[in-house]
Amino acid sequence: MASLPGGLTLVRDAGLPVEIASKLRTWQPKSQLGEIVRDCVRYLPAELAAELLDRITRTLVLESKLEVVVFRGPTSEYGRPGQREDHGVTSRKVVTTTGAGFIVDAFQNLTELENMKYHGLGTSSAAEAVGDTGLTTELTTQYNPDNTRATGTTAEASALVYQTVGTNTLDASATVQEHGVLSQAATGGGVLLDRSLTGAQTLSSGDSLQSTYSLTFTAGG
């Protein structure tokens, strides 16, 4: 059973037909979204549960993840020279509408999908949103070289995971709070695939931030 606000109660597997309950027992979700659906669908009326299961098992899911590591430079103000600070996963959001459009354009050979490898940094902590078209407050002259995003190395982390790793080194102090994967190196333009929050990472001249961005494609939930 599950309790809801207002004193409402949902009963697990209440009235689910045998075929739906059996499908739930044998279905192995491959994405985080699928796992959530599996856990929630048991509390739904039979007709709605069947519809949701049908839809999730024919859905292509894209899930993103950003991992951040800070490396302190030889004259760092905020740590020992050479110190490595692994902040792990800082965000699992969010592929943008413009990023999705870029993928559709690439299918038509109107753009090159492999250009989505440039790593931008910014200072805004505004929440990620699918409508984002760029970083809210991107660095400019703090980049080394100026106005140039890091070029990421690209890899197939596994058969269904695209990964790009970039390292931005600064030549001025900044508190980095946002990250973006974009389609060009120069600031002031390019298509934004994904904007993520990094947590407040305070960097001084010579410090570097390494960002590992992973995009997982999952067919069938």
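If I filter segment 1-54 down to residues being of a type in the set (Lys, Arg), assigned to a loop (DSSP other than H, G, I, E, B) and out of contact with any helix residue (DSSP H, G or I) (no Cβ under 7 Å at 6 or more places or on another chain), which single residue comes out as modelled with the lowest pLDDT? The qualifying residue modelled with the lowest pLDDT is 12.
Restricted to strands (runs of 3 or more DSSP E) entirely inside segment 139-221, those with at least 1 residues that are basic (Lys, Arg) are 192-203. Scanning segment 186-220 for residues being touching a helix residue (DSSP H, G or I) at 6+ places or on another chain (Cβ under 9 Å) and over 20 Å from residue 96 (Cα atoms) gives a total of 1. Any chance you could count how many residues in segment 72-86 are surrounded by 15 or more Cβ atoms within 10 Å (Cβ to Cβ) and of a type outside the set (Ser, Thr, Tyr)? Result for segment 72-86: 3. Of the set (1) assigned to a strand (DSSP E or B); (2) at pLDDT 95 or above; (3) not polar (S, T, N, Q), all apply to residue 105 but (1).
Cβ-Cβ distances below 8 Å connect the following pairs, each with a first residue in segment 116-130 that is more than 23 Å from residue 146 (Cβ to Cβ), a second residue that is basic (Lys, Arg), and a separation of six or more residues or different chains: 128/93; 128/195; 129/195. Checked against the criterion of being surrounded by fewer than 14 Cβ atoms within 10 Å (Cβ to Cβ), closer than 30 Å to residue 29 by Cβ and among the acidic types (Asp, Glu), segment 151-171 has at least one qualifying residue. Flag set for residue 61, criterion: surrounded by fewer than 18 Cβ atoms within 10 Å (Cβ to Cβ) and within 30 Å of residue 17 (Cβ to Cβ). What about residue 132, is it acidic (Asp, Glu), loosely packed, with under 14 Cβ neighbours inside 10 Å and either out of contact with any strand residue (DSSP E or B) (no Cβ under 6 Å at 6 or more places or on another chain) or not in a strand (DSSP E or B) (or both)? So residue 132 does not fit the description; no. Being outside any strand (DSSP E or B) and more than 22 Å from residue 203 (Cβ to Cβ) is a property that residue 126 lacks.
The values are calculated or read from the model by the stated rules, or taken from the named source; none is laboratory data. Being a predicted model, the structure only gives us computed values, none of them experimental. Positions of Cβ are generated from backbone atoms using ideal geometry, with glycine treated the same way; all protein chains shown enter the neighbour counts.
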